[in-house]
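The values are calculated or read from the model by the stated rules, or taken from the named source; none is laboratory data. The structure displayed is predicted, hence computed values, not measured ones. Here the Cβ is made from the backbone with ideal geometry for all residues, glycine too, and neighbour counts use every protein chain on show.
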Amino acid sequence: MMPLHVFYDFDAPAREDALVTERYAKGGELYDSFETLREMLAWGALLKFRVNKMPQQCEGVLSSDDPDLLSHLDPLMSSLGFTKPIPTGPRCGLYERHDSVLICSRTPREELIGNQAFTLGGRDSGVLRKILGRITTESSLEVEVDEWTPALR
């Protein structure tokens, strides 16, 4: 496992915080990872302690014609009983409820377009399929699932 150095870019402030960039310990290019340190910490905590502990997960991409994709996702997730553990900007979505967790993000500083990678974890594939189905039928968002873990039979 390669250590990763995290840098806080005070020249790129965002919501009373600052941009987070990363680089491997042995050098290489810096790359932007999150708009704020709060988002990075919350996203990582939800991934490690919630999503990865769920019996079923899926990963994919959410798409919209509207670059502000989360403005469509936020009210829908709220109507499905999800809460947001912290406020986030337009490039990071964090949603949780007792039986499932959805996290999504896109690279900071890039043009805001209507695509975001997501990871969804839940107690079983039925719960995840129901959530994904509601996203596609009750919003203008499109869902593309790239991988199920464990694989569906």
Can you tell me how many residues in region 88-107 are out of contact with any Leu (no Cβ under 8 Å at 6 or more places or on another chain) and modelled with pLDDT of 95 or more? 2
Selection status of Leu73, under 22 Å from Trp148 (Cα atoms), assigned to a strand (DSSP E or B) and either at pLDDT 95 or above or among the acidic types (Asp, Glu) (or both): no
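Test Cys58 against the stated conditions and say whether it is closer than 22 Å to Glu22 by Cα and within 14 Å of the chain's Cα centre (by Cα).
Here the answer is no, as Cys58 does not meet what is asked.
One line per residue, one yes/no per condition, for (1) touching a residue at least 12 places away in the same chain (Cβ under 8 Å); (2) out of contact with any Asp or Glu (no Cβ under 8 Å at 6 or more places or on another chain); (3) more than 25 Å from Ala18 (Cα to Cα):
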position: Thr88; (1), (2), (3): yes, no, no
position: Cys92; (1), (2), (3): yes, no, no
position: Glu96; (1), (2), (3): yes, yes, no
position: Gly114; (1), (2), (3): yes, no, no
position: Ser139; (1), (2), (3): yes, yes, yes
Some residue of region 87-105 being of a type in the set (S, T, N, Q) and over 14 Å from the mean Cα position of the chain (by Cα): no
For region 100-115, name all the residues that are in a strand (DSSP E or B) and touching a Gly at 6+ places or on another chain (Cβ under 9 Å). Ser100, Val101, Leu102, Ile103, Cys104, Ser105
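Listed here are the residues, each with its yes/no results for (1) of a type outside the set (D, E, K, R); (2) closer than 25 Å to Leu128 by Cβ; (3) modelled with pLDDT under 75.
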{"site": "Pro13", "(1), (2), (3)": "yes, no, yes"}
{"site": "Ser33", "(1), (2), (3)": "yes, no, yes"}
{"site": "Arg38", "(1), (2), (3)": "no, no, no"}
{"site": "Leu46", "(1), (2), (3)": "yes, yes, no"}
{"site": "Phe49", "(1), (2), (3)": "yes, yes, no"}
Show the residue pairs meeting these rules: Cβ distance below 7 Å; 6+ apart or different chains; first residue within region 8-32 and basic (Lys, Arg); second residue surrounded by 15 or more Cβ atoms within 10 Å (Cβ to Cβ). Arg15/Thr36; Arg15/Gly89
Of all residues in region 5-49, count the ones that are surrounded by fewer than 16 Cβ atoms within 10 Å (Cβ to Cβ) and charged (D, E, K, R). 8
Scanning for something free of Cβ contacts under 8 Å to residues at least 60 places away in the same chain, outside any strand (DSSP E or B) and of a type outside the set (Ser, Thr, Tyr), does region 116-126 turn up at least one residue? yes
